[in-house]
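Below: the structure, in structure tokens.
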Amino acid sequence: MEEYNKILDTMVVKFVRARKLDVVQPVVIRNFSDVYNTLIVLNEGMLAYGEEQTPLEAGSILFIPAGKHETIYYGNPNKAIILSNEEFLHQKDRFLKTYEPASGMGESVPNLTYFSFDARVFESVNFFNSLDLPPFVLKNAAHILQLMDSLMLEDVNNEVGKAKLTHIYSEQILINILRYLIRNDMFVEKIATNISYFKDIRLIDMYHYIKDQLNGDLSNKVLATVATVSEDYVGQYFKMLTGMNPQDYIEYQRMCKAIVLLQEGERSIRAIGNDIGYKDTAYFCRRFKMMFGIPAGKMRRRDFVGDGDFEDEDEE
């Protein structure tokens with residue numbers, strides 16, 4: 001248990017967004033994914049997930065770790081339009097709208113609560129992604145639901161301390177998700193195996209170096225020097241501890257940084273690509289779309305499902 005506490009001490013949690021939404025047109029998203037961890041709560045109606053179309057019970061929480069893909073069925077699947085994640089994001093307002101309480105007249109529509117957050121160890125390692133957990137369901141998690149309700153109430157007010165409280169609620173949600181997994185013996189062996197590499201100081205040195213040098217030379221030769229292992233061994237060493245080769249990890253971190261830069265400012269895509277180590281803008285755009293399913297220019301305008309349309313932007 002102590003190693004979990006040590007990891008939590010190094011964790012940086014960032015609240016991204018929370019919304020309550022009505023499903024106004026049933027839709028199936030074949031490969032839903034997000035760069036952030038996503039929680040979806042079914043409040044009322046029908047929602048299913050996975051290739052076997054497993055129904056989600058009202059009050060249960062579907063957790064999709066950052067970077068993982070899942071098929072999601074919003075509303076009655078027999079009446080649903082089937083879309084890819086990119087197709088859905090381009091026309092999301094057809095399917096999801098900001099929640100409106102039922103008037104008592106007519107048929108009620110399914111409604112959901114969304115919450116997304118980022119959680120990184122040492123400010124660089126995506127925690128749930130690093131554990132390689134598949135999407136999973138949390139049942140009878142009343143405390144987490146209460147925290148989500150409190151966070152949403154805080155997010156819509158403009159009182160002093162709003163940012164601080166939303167951050168605190170986000171941290172509490174993360175801790176309670178981890179407690180839920182431990183108490184229910186979920187993915188115990190996988191978590192124990194993948195969490196162990198946080199103890200290796202050489203790997204941590206590489207994580208910090210990669211974070212600080214995203215636009216620089218991050219070849220295996222350079223990483224081998226940082227970790228004080230041989231160039232021939234560094235790739236095998238990194239993959240043995242993390243489950244992925246260092247260059248794949250570096251590309252993922254570069255793309256995550258690109259999302260932050262795209263959403264925080266109005267700098268050109270060419271400049272952003274250059275900032276994270278891509279001298280060829282066209283190649284950066286191809287890799288970005290391949291990884292996240294939407295063009296970089298669309299990600300700049302992206303807020304949340306049900307929160308307005310994308311604006312087109314040229315891929316410079």
Counted residues, the range 1-60 - those being in contact with a strand residue (DSSP E or B) (Cβ under 7 Å, 6 or more places away or on another chain), within 30 Å of K164 (Cβ to Cβ) and of a type in the set (S, T, N, Q): 5
Index of the failed condition, S130 passing every other in (1) buried (at least 20 other Cβ atoms within 10 Å of the Cβ); (2) among the small types (G, A, S); (3) at pLDDT 90 or above: (3)
Residues of the range 222-239 satisfying the condition of being of a type in the set (D, E, K, R) and modelled with pLDDT under 90: K239
Criterion violated by N176 - all others in (1) within 19 Å of the chain's Cα centre (by Cα); (2) farther than 21 Å from M1 by Cα satisfied: (2)
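Would you confirm, using the coordinates I've provided, whether N111 is in contact (Cβ under 8 Å) with a residue 12 or more places away in the chain, touching a Lys or Arg at 6+ places or on another chain (Cβ under 8 Å) and buried (at least 21 other Cβ atoms within 10 Å of the Cβ)?
Against the criterion (in contact (Cβ under 8 Å) with a residue 12 or more places away in the chain, touching a Lys or Arg at 6+ places or on another chain (Cβ under 8 Å) and buried (at least 21 other Cβ atoms within 10 Å of the Cβ)), N111 qualifies.
Just to confirm my filter: which helices (runs of 4 or more DSSP H) fall fully inside the range 242-316 and include at least 1 residues that are at pLDDT 85 or above and over 30 Å from R94 (Cβ atoms)? Walk me through how you get there before you give the answer.
Working: elements: 246-264, 269-275, 281-292, 296-301.
The qualifying helices (runs of 4 or more DSSP H) are 246-264, 269-275, 281-292.
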Residue list for the range 25-44, restricted to those being at pLDDT 90 or above and surrounded by 18 or more Cβ atoms within 10 Å (Cβ to Cβ): P26, V27, V28, I29, F32, Y36, N37, T38, L39, I40, V41, L42
Pick from the range 128-166, criterion over 27 Å from F187 (Cβ atoms) and among the β-branched types (V, I, T), ranking: farthest from the chain's Cα centre (by Cα): V160
Candidate set: the range 176-221, residues that are out of contact with any Pro (no Cβ under 9 Å at 6 or more places or on another chain), assigned to a helix (DSSP H, G or I) and under 17 Å from I276 (Cα atoms); chosen: the one modelled with the highest pLDDT: Y209
The lone exception for M105 - which of (1) within 22 Å of L174 (Cβ to Cβ); (2) among the hydrophobic types (A, V, I, L, M, F, W, C); (3) loosely packed, with under 15 Cβ neighbours inside 10 Å; (4) modelled with pLDDT under 90 it fails: (1)
Those residues of the range 21-45 which are farther than 14 Å from I82 by Cα and either aromatic (F, W, Y) or part of a strand (DSSP E or B) (or both), in sequence order: L21, D22, V23, Y36, N37, T38, L39, I40, V41, L42, N43, E44
Hey, H167 touching a residue at least 40 places away in the same chain (Cβ under 8 Å), in the same structural domain as D22 (by TED's automatic domain parsing) and either surrounded by fewer than 19 Cβ atoms within 10 Å (Cβ to Cβ) or in contact with a strand residue (DSSP E or B) (Cβ under 7 Å, 6 or more places away or on another chain) (or both) or not: yes
Hits in the range 231-258 - residues which are in contact with a Phe, Trp or Tyr (Cβ under 8 Å, 6 or more places away or on another chain) and crowded, with 17+ Cβ neighbours inside 10 Å: F238, L241, T242, P246, Y249, R254, M255, A258
Residue in the range 201-214 that is closer than 24 Å to V12 by Cβ and in contact with a Gly (Cβ under 7 Å, 6 or more places away or on another chain) present: yes
Candidates V35, V41, V23 - the one that is under 19 Å from Y180 (Cβ atoms) and β-branched (V, I, T): V41
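The values are calculated or read from the model by the stated rules, or taken from the named source; none is laboratory data. Worth saying up front: this structure is predicted, and the values here are computed from it rather than measured. Reconstructed Cβ throughout: ideal geometry from the backbone, glycine too, with neighbour counts over all protein chains shown.
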